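Presented below is the structure to which this report refers.
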Amino acid sequence: MGLTRSGRRSGWSPRLSLILLIFGPGCAPQPAIGDHLAVLCPRGFGALLGPVIDAWGREAGVDVHLAEDSPERIARQVNGGAQADLFISAEPSWVEELQRDDHLSGDAPLELFVDPLVIVTRAQPERPVHAPRDLISPKPLRTAVPERGWEGAAVRRAMEAAGVWAPLEAHSIRVEDGGAAVELLLASGAEAAVVRRTAALSADTAVTATRWPAQAGAEVRVQAAVLRTARRPEAATALAAHLAEAPGARRALDALGLHHAAPEPPVPHHPP
């Protein structure tokens with residue numbers, strides 16, 4: 001049993017294969033759960049989560065098919081009744097919409113990891129960038145920025161909060177998503193890019209990524225939700241729980257700079 005993948009990317013990068021060393025044998029659930037499991041996830045997540053899911057599938061005796069696409073297309077597929085078991089999302093709004101439209105199972109979505117924003121340059125840039133202000137000083141860099149969905153909104157908010165959007169706006173290159181921004185950078189169409197870390201990881205060692213300073217709205221909590229159309233809801237629930245809670249999976253994600261999503265702090269309650 002193992003992992004089958006579809007989407008524009010194929011294979012895992014050498015650096016991401018370290019997940020298998022961190023994950024190690026024997027960390028996945030021992031009971032065999034069942035057969036084919038269909039997982040929908042954003043582009044680029046296959047290389048990131050593939051080794052962990054593959055190891056889990058071998059231990060659990062489950063064949064996993066991992067399909068990658070844009071969040072919008074995935075949501076449309078689910079709304080159209082696509083047959084799938086598990087939905088991994090980097091767009092909180094899509095999870096909320098699918099929940100409202102009764103496309104998810106009764107279980108609450110599980111938070112897998114935090115995907116922070118990073119500043120990306122080529123591995124040996126002419127001008128190193130260590131902080132947001134370096135994007136505009138001594139002169140603005142041609143910077144690729146995603147403009148759609150959560151990622152686009154988060155990048156815009158973060159750049160405005162850091163005071164770099166106004167001087168950089170005329171030099172920015174708007175693209176669909178973080179993956180397109182990194183591809184433009186590697187093709188020398190931009191000098192820098194501001195994207196989610198998972199988009200930078202897909203380029204492996206060809207780029208240098210510097211985490212954007214921590215601030216509200218400069219990261220997203222990636223979630224996994226079991227779909228109502230799931231043919232194997234037990235296996236889907238077990239895989240989601242493994243990605244969210246298993247020590248091996250958490251160590252693997254931490255090693256990539258994708259920290260486990262800690263619970264939201266409780267809202268203080270003061271009796272009247």
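Bear in mind that the values in this text are calculations on the coordinates, not laboratory data. These numbers were taken from a predicted model, which means no experiment stands behind them. Every residue, glycine as well, gets a Cβ built from its backbone with ideal geometry; the counts of neighbours run over all protein chains shown.
I want to make sure I understand the PRE zone here: with the label point 7 angstrom from the Cα of Ala153 toward its beta carbon, which residues in the stretch 66-92 have backbone N atoms less than 12 Å away? Residues 91-92 qualify, since their backbone N sits under 12 Å from the label point. Take the alpha carbon gyration tensor of the stretch 115-211, find the square roots of its eigenvalues, order them as a ≥ b ≥ c, and report rounded if a/c is under 1.5; if not, report prolate when a/b exceeds b/c, else oblate. Note, shape of the stretch 115-211 comes out rounded.
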